[in-house]
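The values are calculated or read from the model by the stated rules, or taken from the named source; none is laboratory data. Predicted model only: the values in this text are computed from it and were never measured. FYI the Cβ positions are ideal-geometry reconstructions off the backbone, even for glycines, and counts take in every protein chain you see.
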């Protein structure tokens, strides 16, 4: 069983809103705007913002595609985590950063819904954090299969929003809410 985090301190975790990750993502301009509004809301409510940035052979660190989208930029005092795997927890110092900040609740936004957002959401719940997914601040691309089938990106987003609403973990709270409805207050 996971260690349940005592307390009520929220952080905003912004995952992989990078040029090469969201270039062809569904409804990217709206989602990027919503992520920017979530960042401003967290800052206004004095909640820490943690930026997670993916790098691998297909997205080399330092390349133009690896950069944050122009609409978003970490403030100098905000933490940045670099990762190589889908979950922001795997082989990073995210857990140590969250512990240092006293975080017990993660508010999650970013890309790509079906890979890094899903893996990070489940990773947070598995590690005993409460989780709120910003249902209008994550995106992905549609998935096309060799047999001609397609799973539309909007359906992938909807699926994870529903999952985060109905999942049940002992001693943890999870939800999906909009940027307009989220509060970072205790």
**Asked** Do you know which residues across region 90-136 are without any contact (Cβ under 8 Å) to a residue 24 or more places away in the chain and closer than 24 Å to residue 26 by Cα?
**Response** none
**Asked** Is it the case that region 8-30 has a residue that's out of contact with any helix residue (DSSP H, G or I) (no Cβ under 6 Å at 6 or more places or on another chain) and at pLDDT below 95?
**Response** yes
**Set 65, 46, 61: member being more than 13 Å from the chain's Cα centre (by Cα) and more than 21 Å from residue 94 (Cβ to Cβ)** = 65
**Fill in**
Selection over region 82-96 where residues are surrounded by fewer than 19 Cβ atoms within 10 Å (Cβ to Cβ) and touching a strand residue (DSSP E or B) at 6+ places or on another chain (Cβ under 9 Å) yields a count of 7
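Take the residues in region 137-152 that are in a loop (DSSP other than H, G, I, E, B) and touching a residue at least 12 places away in the same chain (Cβ under 8 Å); name whichever of them is nearest to residue 113 (Cα to Cα).
Going through the qualifying residues, I end up with 140.
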**Request:** Quick one: in region 122-136, of everything that is in contact with a strand residue (DSSP E or B) (Cβ under 6 Å, 6 or more places away or on another chain) and part of a helix (DSSP H, G or I), which residue is surrounded by the fewest Cβ atoms within 10 Å (Cβ to Cβ)?
**Result:** 125
**Item:** Inter-residue pairs, beta-carbon under 6 Å, first modelled with pLDDT under 95 and in region 52-65, second surrounded by 11 or more Cβ atoms within 10 Å (Cβ to Cβ), 6+ apart
**Value:** none
**Request:** Enumerate the pairs (first residue in region 165-176 and part of a loop (DSSP other than H, G, I, E, B); second residue anywhere and exposed (fewer than 12 other Cβ atoms within 10 Å of the Cβ)) with beta-carbon separation below 9 Å, excluding pairs fewer than 6 apart on the same chain, so at least 6 apart or on different chains.
**Result:** 170/1; 171/1
**Residues being over 22 Å from residue 156 (Cβ atoms) and in contact with a helix residue (DSSP H, G or I) (Cβ under 9 Å, 6 or more places away or on another chain) - total across region 31-50** = 4
**Request:** Kindly list, by first and then second residue, each pair from a residue in region 23-38 that is touching a residue at least 60 places away in the same chain (Cβ under 8 Å) to a residue that is assigned to a helix (DSSP H, G or I) and surrounded by fewer than 19 Cβ atoms within 10 Å (Cβ to Cβ), limited to pairs with Cβ atoms under 8 Å and residues at least 6 apart or on different chains.
**Result:** 26/154; 27/154
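Hey, among the residues in region 146-159 that are in contact with a strand residue (DSSP E or B) (Cβ under 8 Å, 6 or more places away or on another chain) and surrounded by fewer than 21 Cβ atoms within 10 Å (Cβ to Cβ), which one's farthest from residue 107 (Cα to Cα)?
150
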